[in-house]
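Asker: What follows is a single structure, and I will ask about it in a moment.
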Amino acid sequence: MADKKDYKKGLISVVMSNYNTSINYLKKAIDSVLNQTYSNFEFIIIDDGSTDDSLEFIKSYDDPRIRLIINAENIGLTKSLNKGLEVAQGEFIARMDTDDICYPERFEKQVEYLKNHPDTIVCSTWAESIDENDNDTQQKWVMAPFKDMKTFKICLLFSNDPNIVHPSVMINHSLLSKYKLKYNENFSYAQDYELWSRCSKYSNCYILPSKLIKYRIHSESICLSKKDAQDECAYRVINNQLDYLGLELNDDIKKYHFRYLTQMKPYDTKIKKWIKEIIKGNKKHRIYDHRLLKKILWYRWSEICYSELSVANISHKISILLSLSLRCKLYLFKIKYNYYKKIKTCNK
């Protein structure tokens with residue numbers, strides 16, 4: 001990314017890439033940006049070689065805040081977003097997708113937070129999911145704010161969780177440039193997760209506890225249509241983070257981490273050995289807060305054990321319980337308590 005020092009104070013650069021988007025979706029996305037309560041922004045739209053009528057539709061807008069960039073050919077989302085970052089002039093950069101909808105006060109609330117927290121590089125928001133017809137799917141991305149960046153960094157070792165919803169993000173441009181960060185063009189999918197994993201090494205990330213975007217799930221959504229490819233890229237992001245621990249890992253072991261500690265798949269005693277290897281690697285290289293890493297890893301192992309106990313026969317249950325440390329046994333009680341507390345709340 002070009003080294004820029006003077007950004008226009010208070011200006012937001014909205015970056016959105018379009019490729020053959022339904023006009024119905026595109027209109028709602030663009031209008032939701034143009035009708036924000038915070039109006040000091042430039043709207044950078046990159047058309048990535050569209051072959052339908054979506055480009056002509058974008059051209060029909062007569063608003064001086066829109067800056068249209070037309071790719072001569074389709075180069076993909078990651079490269080298109082980097083083109084947007086390169087030309088962005090704003091103090092803050094807001095992401096937006098062509099099939100989502102912003103709440104009118106989204107920019108206003110995110111700018112307020114970032115101005116008050118200049119050490120925060122990424123500020124995302126809560127989101128709600130809608131379908132093809134704008135109906136609420138009842139799927140909510142509403143997360144309790146994570147306690148601190150130490151916890152967040154460790155959570156990224158398993159997945160993009162707490163879930164930073166990509167089109168809800170606003171980024172501090174000066175921090176992005178300071179650390180020479182941009183999207184990794186070797187990642188066609190999960191490029192956001194890969195970027196957050198690097199941002200978290202330098203500065204704070206935050207999820208604003210307000211629903212400020214409607215995130216559309218439909219048949220063409222990447223999370224559905226390209227799920228396998230997206231999972232493979234996420235797997236590579238996790239691999240890169242494991243490499244920082246200095247562990248000499250073959251592909252089978254890395255897949256093992258992805259399958260068990262990330263996807264929380266069924267019980268396997270080998271995962272205990274793997275957890276000890278991660279702890280050992282971190283003790284040497286000190287990438288993560290060591291006490292907190294141990295706590296999170298053994299808690300995840302306790303969650304796997306809890307699921308296994310619910311289906312195990314008596315002898316297997318005894319075997320599992322005898323193998324657990326006092327710490328993990330205490331975690332089991334906590335997990336069980338939280339489970340019944342959640343059931344009780346849902347039944348009210």
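Quick note: the coordinates plus some simple rules give every number you see, no bench work behind them. Treat the numbers as computed from the prediction; the structure is a model and nothing was measured. All Cβ positions, glycine included, derive from the backbone under ideal geometry; neighbour counts span all protein chains shown.
Asker: Between F57 and N133, what is the label-point separation in nm under the 7 Å Cα-to-beta-carbon projection?
Answerer: 1.9
Asker: Residue farthest toward the positive end of the dipole of the stretch 8-220, with Cβ of Lys/Arg at +1 and Asp/Glu at -1: which of L157, L68, N24?
Answerer: Final value for the positive-end residue is L157.
Asker: Sticking with this one: Return, ordered by residue number, the residues of the stretch 81-105 whose backbone nitrogen is under 20 Å from a label point located 7 Å along Cα→Cβ of S210.
Answerer: Under 20 Å, as judged by backbone N against the label point of S210, lie 91-97, 100-105 of the stretch 81-105.
Asker: Which value in nm describes the separation of the simple spin-label points at R65 and K283, placed 7 Å from the Cα toward the beta carbon?
Answerer: Between R65 and K283, the simple spin-label model gives 5.5 nm.
Asker: With a cap of 10 neighbouring Cβ atoms within 10 Å, and only residues DSSP puts in a loop, list the GluC sites (Glu not before Pro) found in the stretch 60-96.
Answerer: E73
Asker: Something else now. Which percent, to the nearest 5, of DSSP beta bridges fully inside the chain are antiparallel?
Answerer: On the way: 10 of 37 bridges.
Close to 25 percent.
Asker: Go ahead and estimate [θ] at 222 nm for the chain from helices alone: -39,500 (n - 2.57) per DSSP H run with n ≥ 4, summed, over the residue count, rounded to 500. Provide the component values of the computation, followed by the final result.
Answerer: Numbers: 14 runs with 157 residues, N = 348.
Theoretical 222 nm ellipticity from helices: -13500 deg cm²/dmol.
Asker: Same structure, new question: For K284, list the aspartates and glutamates whose Cα falls under 15 Å from its own Cα; do not include residues on the same chain fewer than 8 positions away.
Answerer: D243, E248
Asker: Trypsin sites (Lys or Arg not before Pro) within the stretch 1-77: which are DSSP loop residues with at most 12 other Cβ atoms inside 10 Å? Show your work: numbers first, answer last.
Answerer: Values: sites: K4, K5, K8, K9, K27, K28, K59, R65, R67; in loops: K4, K5, R65.
Sparse-neighbourhood loop trypsin sites (Lys or Arg not before Pro): K5.
Asker: Let me have the relative contact order for the chain, percent, based on Cα pairs under 8 Å that are six or more residues apart.
Answerer: Numbers: 534 pairs, mean separation 57.4, N = 348.
About 16 percent, as a whole number.
Asker: To the nearest 20 debye, what charge dipole does the stretch 1-50 have about its Cα centre, counting +1 at the Cβ of each Lys and Arg and -1 at the Cβ of each Asp and Glu? Kindly include the intermediate steps, with their values, before the conclusion.
Answerer: On the way: 6 positive and 6 negative charges, 40 e Å.
Roughly 200 debye, rounded to the nearest 20.
Asker: Pairs to check: K115/K295; K283/K341; K214/K272; K59/K79; K28/K180; K211/K283. Give those whose C-alpha atoms are more than 30 Å from each other in this structure.
Answerer: Working: K115/K295 34 Å; K283/K341 35 Å; K214/K272 40 Å; K59/K79 22 Å; K28/K180 33 Å; K211/K283 39 Å.
Those over the limit are K115/K295; K283/K341; K214/K272; K28/K180; K211/K283.
Asker: Quick one: if you stick a label point 7 Å off each Cα along the C-beta vector at K270 and S319, how many nm between them?
Answerer: Spacing of the two 7 Å Cα→Cβ label points: 1.6 nm.
Asker: Using the Cα centre as the reference, give the magnitude of the dipole from point charges on the C-beta atoms of the chain (Lys, Arg: +1; Asp, Glu: -1; all else neutral), rounded to the nearest 20 debye. Mind dumping the intermediate values first?
Answerer: Working: 55 positive and 44 negative charges, 576 e Å.
Once rounded to the nearest 20, the dipole reads 2760 debye.
Asker: For E185 and S307, FRET efficiency with R0 = 35 Å and r from the beta-carbon atoms, rounded to 0.05? Before the final figure, lay out each step's value.
Answerer: On the way: r = 39 Å, r/R0 = 1.10.
Step by step, r from the Cβ atoms, then E = 0.35.
Asker: Which entries of K201/K336; K83/K178; K182/K226 show an alpha-carbon separation above 29 angstrom in the structure shown? Could you put the intermediate results ahead of the total?
Answerer: Details: K201/K336 34 Å; K83/K178 18 Å; K182/K226 23 Å.
Check vs 29 Å cut-off fails for K201/K336.
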